[in-house]
Amino acid sequence: MSTNTEQEIILTGIGASPGICIGKAYLVDKEGVEVVQKYSIEEKDLESEINRFKAAVKKATDELHEIIENTPEVFRQHAYILETHMVLLKDKMLYGKTIDSIRNDRVNAEWALKNIVSNIRSIFQNISDPYLRERSADILQVSDRIMRSLTGAQGVNIAEIDKRVVLVAHDLSPADTSQIQIDRVMGFITDRGGSTSHSAIIARTLEIPAIMGLGNATDLIKNDDLIIVDGSAGIVIVRPSEKSLVEYEERKVRFYQHRAVISRDSYLPAETLDGTRLLVMGNIELPEEIVSVIDHGGDGIGLYRTEFQYLSRTDFPGEAELFERYKDVAEVMAPKPVTIRTLDINGDKALGNASTSDEENPALGLRAIRYCLKNPDVFKIQLRAILRAAAYGNVGVMFPMISSCDEILEAKFLLKEAADSLEAQGETYKSDIEVGILIEVPSAVVMAAEMAELVDFFSIGTNDLIQYALAIDRGNRQVAHMYHPLNPAILRMLKHVADVAKDKGLRIAMCGEMAGDPFHVPILLGLGINELSMNPQSIPSIKTMIRSLRIIDTLELTKEALKKATAKEIADLVQEACGTIISNKMLAA
Ligand code: PEP
Ligand code: MG
């Protein structure tokens, strides 16, 4: 590779998928999309203009259909993203309003669409939730697709790229990224987007480096320019110097050697240097994600968030539908454990058919188990489906947001009723399944000893426990800097729950995000938490971390940590004790 005589340029964006690649830029351009002419339509031509728009939507729908049909196996789990785009194509806000605008403003379809999209964008931009805000990118990508069919501009044909390149684009839709052939495309960078965009999710699945939100990369980079992409750091070096090239070639080798070691080892048991075996499991939202848990060496499913099957619909799923999906997961994972969490709706996951929209503070409202106990018919359908699926594998049930012993008793009563009704109907089911609770409300920490008498296991949900204990809304960016899992108050709560579990001989797991960060592992081991569940991609690095530690050292470390008064002091302590192991580990995380 030869370097350019021009000065290198360093660009900084959002690291969307880790890894390093060095290669020639391939600009993916979308001509005809940005420049839109306005012209008036006469009354008599309005219907044909509307029909022209409808035909463009139809063409875009057909294109998406084709892409979905031809989606390679590796992307199957993300096909729902493309399905979402299909729904958006006919969305009232986009489709209906564009037609209204053509008719009422008597303007051409391109102009009407452009204006409607920019209105929708400004609505989305005012939303504080970053995930929802980024969904405006989906709308843009869908409108680009309609616009291309209106203007007849050529779309991106990533599937036809026939050389090894790094894609440089203003934006890439999930449909674009799902056409990437990993033997040709080494990585990609975009002007738009962020780390929770669907294209970023796809890049992580493909394990290729990606950087988003670079702003003006497409203006600064020319076709065939040599570029370095460091997806871990979010840095792009355009036309690099000899020195940068040598440095990044070395870094790249180190990164992939390390990742190879970690992935190779992900099938090994998570056993500490002094012989304690832990279970490292995956959290899933949809049954399709079990593939990822298995691929990353997961020991089971520690948290199956079932509410996603209730989203995007106006009716509740029936028992047969729920049973089929739970059974699939149980069967595929057997004999490994699968913990099915009952419906955790409302709070931050309000459903059309279950929302209590008049709640001023939904996080403290009729959420999760509270909703289920108030709606026993909905709850019992799910419980029956879980008990039936339990006959096909190693299934446990877990109740979310428990705040009192009464709730556990009531939930268990309904579980018993569900079992009795299955028995009476002669259905195949398993009644003696393990019953657990999420410890995620501070009152459950305080009452852990009494609650332990009523259940078989605890799983600590740190995402909510931190929110409720420290009074920090988990979705509010203004207070995100205070959301620290190593806060001493949290540590002391975890210690109490772990001690109770040990005392009562209960299994103790953690399934909040805290469990998926290697930095927290030494403390979690020292507390005696021996089952960790996390997003599947984190499993290999957590297992590696566990294999690098001795329980005896973590006990000592945790004892010291529990004496500290601030999160910073605890983090410093962990850094000092395990810094080298952690920094090696982080390299590939
Ligand atoms: C938690 O609260 O930590 C948890 C695992 O559940 P969720 O993130 O679904 O609320
Ligand atoms: Mg929770």
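Rule-based calculations on the coordinates, nothing more; no lab input. Worth saying up front: this structure is predicted, and the values here are computed from it rather than measured. Note that we place each Cβ from the backbone using ideal geometry, even for glycine, and neighbour counts take in every protein chain shown.
Among L373, I9, A452, whose Cα sits farthest toward the positive end of the charge dipole of the chain (+1 at Cβ of Lys/Arg, -1 at Cβ of Asp/Glu, about the Cα centre)? In the chain, that residue is I9.
From helices alone, the chain scores -14000 deg cm²/dmol at 222 nm; the rule is -39500 (n - 2.57) for each run of n ≥ 4 DSSP H residues, then divide by the residue total. About the centre of its Cα atoms, the chain shows a dipole size close to 560 debye [charges on the beta carbon of Lys, Arg (+1) and Asp, Glu (-1) only; nearest 20 debye].
Using R0 = 35 Å, the C-beta based FRET efficiency linking Q125 and K54 works out to 0.80. Remark on V107: its backbone amide H falls under 5 Å from those of I41, a criterion applied only to residues 5 or more positions apart or on other chains, H modelled at 1.01 Å from N.
Name the shape class, rounded, prolate or oblate, that the alpha-carbon gyration tensor gives for region 261-300, where a ≥ b ≥ c are the square roots of its eigenvalues, rounded holds for a/c under 1.5, and otherwise prolate holds if a/b is larger than b/c and oblate otherwise. Verdict is oblate for region 261-300. Can you tell me how the chain classifies by the Cα gyration tensor, rounded, prolate or oblate, using a/c under 1.5 as the rounded cut? Note, shape of the chain comes out oblate. Each Lys and Arg Cβ is given +1 and each Asp and Glu Cβ -1; about its Cα centre, region 349-460 then shows a dipole of about 340 debye. State which entries of K495/K564; K374/K416; K374/K504 exceed 23 angstrom in Cα-Cα distance in the structure shown. Result: K374/K504 exceed 23 Å. Distance between the 7 Å Cα→Cβ label points at R492 and A363: 2.2 nm. Among the lysines, which fall within straight-line cross-link reach of K543, defined as a Cα-Cα distance under 20 Å, with same-chain neighbours fewer than 8 residues apart omitted? Within the straight-line limit of under 20 Å, K543 reaches these lysines: K336, K585. Its Cα gyration tensor gives region 368-477 an equivalent ellipsoid, and the semi-axes of that ellipsoid, as √(5λ) in whole Å with the largest first, are 28, 14, 13.
Pairs of alpha carbons in region 481-589 separated by more than 24 Å make up 17% of all such pairs.
A Cβ-based charge dipole, computed about the Cα centre of region 201-252 with Lys and Arg at +1 and Asp and Glu at -1, lands at about 120 debye.
Relative contact order (percent) for region 43-151, with alpha-carbon contacts under 8 angstrom and 6 or more residues of separation? Relative contact order here is 35 percent. Is the shape of region 275-329 rounded, prolate or oblate, going by the alpha carbon gyration tensor and its root eigenvalues a ≥ b ≥ c, with a/c under 1.5 for rounded and a/b larger than b/c for prolate? Prolate. Kirkwood radius for region 43-151, taken over all pairs of different Cα atoms as the inverse mean of 1/r, rounds to 14.6 Å. In straight-distance terms, cross-link reach from K114 covers every one of the lysines whose alpha-carbon lies under 24 Å from its own, apart from those fewer than eight places away in the same chain; here that gives K30, K38, K44, K54, K58, K59, K90, K92, K97. Taking 19 Å as the cut-off, the amide N atoms of region 476-498 that come nearer than this to a point 7 Å along the Cα-to-beta-carbon line of K568 belong to 479-491.
If we count trypsin sites (Lys or Arg not before Pro) as exposed when they sit in a DSSP loop and have at most 15 other beta carbons within 10 Å, what is the longest stretch of the chain that avoids them all? Formally, the longest exposed-site-free interval is 314-549.
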